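Throughout, read-outs are computed from the coordinates displayed, never taken from laboratory work. Since this is a predicted model, take the numbers as computed values, not measurements. So basically every Cβ, Gly included, is an ideal-geometry build from the backbone, and we count neighbours across all protein chains shown.
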Ligand SMILES: Cc1cc2nc3c(=O)[nH]c(=O)nc-3n(C[C@H](O)[C@H](O)[C@H](O)COP(=O)(O)OP(=O)(O)OC[C@H]3O[C@@H](n4cnc5c(N)ncnc54)[C@H](O)[C@@H]3O)c2cc1C
């Protein structure tokens, strides 16, 4: 099968999937007001693959002929990493700078597994074949892959096997010659309008008692027994019901999160990446972000740039751009953007080669970058809030602007110099979305948690930093005769 186009993507979602939102069953996600805007946004990404201006960034030549999606190309050179960044930026630049989930970073687990044949074959030769088979299929068809790591977890002080209800973490309930049966639940952004999920164990202690929970597999999102229980849309009634001028982000880019229930779902062996191996669960958790954090940093660059751009527009329109205190705050946003960009470009420039000969971003730089971004993003949105002042949460809405009775008053009080009231209301609405809306709340939580919680990122940094080099530098100064002094003597 060839790469899906936008029309085929929409059609593929009418597959009888079991989706609920607000307690109601959804007949067709492509037309439902909570999902239709995101289906449109993802459809636009499918179109980009066929746009001659973007095709080189979005696709690559498959060895067997034809073009594959670059989302799913395992990097084999530094150039591949650069092209991945350019591909993701093309989407963020042309569709939406705050969009997070579209498949390019969720594939990281398959990249890691594809890289690890010798290790996997010691357990079961089907595992590496499954990873390779899926990578190849994703490249050819460009299916939308989501990521299910996080279970509901229940009592956090107890491990998976110690919970009162054994299903609070996803587990294997049966293994047969044909495959495995899984039961439990996972959180997944975008699942209602995606094709397949890559399920993986969550952060945790992968001791032998948790063996049944140490499972990773690919599951089609319309498989029998898969139920999507979606969170409420950020705009009541769904983004499609809102005026985009009031809600420029949540009306169009509400990436609905879902509790995916797996009610005894059968998974054939060709879709199983491993089953009941705690060492493999620990190993995948440790290295899961080898490539996904590169996608996260790329998104952070676009988001940081948007914060700067919004701050500039607000300050230009309200005449505060020349105030030193405001310029200082905008400069701090610029520092944030350029720092994130530095982490991203640095991780590419200092990339290294994996044991299997693939190329990954420098892990210490990348891990430091994601710790920095996860912890700093909310401070940056707070800076934007300070630059904006309080009006962004108090202003009248679009209906008031359009009303013949109230519109003239709104125009009168929001026009400033050359900036029309229309332009100012639109700009302030964007600032509200980034600082003060439901969208902002979710975006802040996403930045903090979705790239794994900060404590796990810090562990990853600790493990990938060149500690020996740093220790030796310090040791040299506390030796009886420092190396340089000893040499001179
Ligand atoms: C908007 C959004 C979208 C998301 N999308 C996805 C998705 O698509 N797929 C997916 O799998 N997950 C997704 N997640 C879930 C995300 O991965 C989790 O929120 C994250 O892993 C933390 O888990 P938790 O929320 O259960 O927090 P908990 O595990 O309950 O943790 C609560 C707090 O305790 C801290 N804590 C817990 N254990 C420790 C420890 N051992 N040491 C130190 N601190 C600890 C945590 O850091 C956190 O601050 C998403 C989250 C958000 C907010």
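So if each residue of separation counts as 0.36 nm, and I subtract the Cα-Cα distance between residue 175 and residue 459, what length gain in nm does that give?
98.9 nm
Between residue 229 and residue 93, how high is the FRET efficiency from 1/(1 + (r/R0)^6) when r is the Cβ-Cβ distance and R₀ = 30 Å? Nearest 0.05.
Step by step, r from the Cβ atoms, then E = 0.35.
Cut-off is 10 Å between beta-carbons; in what order do 227, 73 appear when sorted fewest neighbours first?
Listed from fewest to most nearby Cβ atoms, that is 227, 73.
Using helices alone, what [θ] at 222 nm do you get for the chain, with -39,500 (n - 2.57) per DSSP H run of 4 or more residues, divided over all residues and rounded to the nearest 500?
Estimated from H runs of four or more residues: -15000 deg cm²/dmol.
Take residue 51 and residue 413, extend 7 Å from each Cα along the Cα→Cβ direction, and tell me the distance between the two endpoints in nm.
Spacing of the two 7 Å Cα→Cβ label points: 4.0 nm.
Classify region 6-285 as rounded, prolate or oblate from the Cα gyration tensor: take a ≥ b ≥ c as the square roots of its eigenvalues, call it rounded if a/c is under 1.5, otherwise prolate when a/b beats b/c and oblate if not.
It is oblate, given that a/c is not under 1.5 and a/b is not larger than b/c.
List 165, 104, 80 from most exposed to least, where exposure is judged by having the fewest other Cβ atoms within 10 Å.
So the ranking, lowest neighbour count to highest, is 165, 80, 104.
Report, for region 6-285, the % of DSSP beta bridges that are antiparallel, rounded to 5.
Roughly 80 percent of the beta bridges in region 6-285 run antiparallel, per DSSP.
What ranking of 469, 161, 294, 195 emerges when the number of other C-beta atoms within 10 Å of each C-beta is taken as an exposure proxy, fewest first?
By the 10 Å Cβ count, ascending, the order reads 469, 161, 195, 294.
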